[in-house]
1. Computed FRET efficiency, Cβ-Cβ of A:R112 and B:A13, R0 30 Å: what is it to the nearest 0.05?
2. Along the charge dipole of chain A, Cβ charges K/R +1 and D/E -1, which of A:A62, A:G9, A:P85 sits furthest on the positive end?
3. How high is the relative contact order of the range B:1-67, given as a whole-number percent (alpha carbon pairs under 8 Å, six or more residues apart)?
4. Cross-link candidates for A:K108: which aspartates and glutamates have Cα within less than 16 Å, leaving aside residues fewer than 8 places away along the same chain?
5. Carbon and sulfur: what percent of chain B's accessible surface (1.4 Å probe)?
6. Assign unit charges at the C-beta atoms only (+1 for Lys and Arg, -1 for Asp and Glu), then state the dipole size of the range B:23-109 relative to its Cα centre in Debye, rounded to the nearest 20.
7. Using modelled amide H (1.01 Å from N, peptide plane; none on Pro or chain starts), what sits under 5 Å from the amide H of A:L35, excluding residues fewer than 5 places away?
8. Simple spin-label model, 7 Å along Cα-to-Cβ: A:D83 to B:A105 in nm?
There are 2 protein chains.
Amino acid sequence: MRDHAGVTGMQRAELARRTGCNLETVRYYEKVGLLPEPPRTTAGYRSYDGAHERRLRFVLRARELGFSLDEIRELLRLVDERDRPCAEARDVAAVHLADVRAKIADLKRMERVLKDVVAQCGDGTLPECPLIETLFQERNAI
Amino acid sequence: MRDHAGVTGMQRAELARRTGCNLETVRYYEKVGLLPEPPRTTAGYRSYDGAHERRLRFVLRARELGFSLDEIRELLRLVDERDRPCAEARDVAAVHLADVRAKIADLKRMERVLKDVVAQCGDGTLPECPLIETLFQERNAI
DNA sequence: TGTGCAGTCTGTAGCAACTACAGGGTCAAG
DNA sequence: CTTGACCCTGTAGTTGCTACAGACTGCACA
């Protein structure tokens, strides 16, 4: 891990650059309560430190793993408020894992059908397009 | 296939019921140009027939296969305007197939990590939660 | 001291693909 | 002739951002 604790007085652009987060997304996460409002300079500029960076990295990593913002809020609450959050955090992740697996199953079904119709279309010289015919079929043909 | 051609004078609710489409979605698809505006009764009520139903089924089936509304518009244009649309339709599907495969790969990466952390959490009695620790890690650990 | 430019601020609008009202009109049955 | 179930329109909400516009600040350079 990089040094989070030592950094102070970062502006938004530097925080974004250091974390790879989009500049506007930082402000968005603050607005929806995923990140704390940082202190401001006299001119009203946001001033971040290592703790903000660490928290933003947590959010970004959770997003990479497909957690929704609501789920991330829940995980952060567990981080902040509980001594022993492991069981509840595991449950959040288990529910999400089930979602991910369901999505994979959906996409695999799509993939099978698409692969078949693209193959059936061959070089695209058929008078009746198998893809278009498939789309006009009943849906339980999936 | 069910009988599409014979049906006339359907109202929106019946079309929705017959196709399994949400009532409001029918109107939405008309608004965004995926379905033609149907004729109206003197009172201004939409009046659908079998051709509308067939077209809506096409859209719904394409949505089930994950095509975007833009892709579906393109496919419908090929259906309507071309004698031999197979090559172009196949290309639309091939691009979409690549998207689907990329999404599957993304989700499988997520699944691997989630499965591992949930397993590491065990019964949730650990003092340090492996899930939360993982989320505080650098992102290239994925 | 001025001036230019890059940075920051706010609020708002846009994207996909719906979904769900509110507030009104219509129509058939009882 | 009223009741209830349908229909109509427009608009707002959802998720997770992203991209402005228009105003302000702060620093380097002449």
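1. Computed FRET efficiency for A:R112 and B:A13: 0.35.
2. Working it through, the farthest residue towards the positive pole turns out to be A:G9.
3. With pairs under 8 Å counted, the relative contact order is 42 percent.
4. Here the aspartates and glutamates satisfying the reach criterion relative to A:K108 are A:D99, A:D116, B:E64, B:D99, B:D106, B:E111.
5. That fraction is 48 percent.
6. Values: 18 positive and 16 negative charges, 59 e Å.
Charge dipole of the range B:23-109: 280 debye, to the nearest 20.
7. A:E30
8. So the label points at A:D83 and B:A105 sit 4.7 nm apart.
The values are calculated or read from the model by the stated rules, or taken from the named source; none is laboratory data. All values derive from a computational prediction rather than experimental measurement. For neighbour counting, all protein chains shown are included, and Cβ atoms are generated from backbone atoms with ideal geometry for every residue, glycine included. Side chains are part of the model used for accessible areas, which takes the heavy atoms of the whole protein and leaves out ligands, DNA and RNA. Shrake-Rupley method; radii C 1.70, N 1.55, O 1.52, S 1.80 Å.
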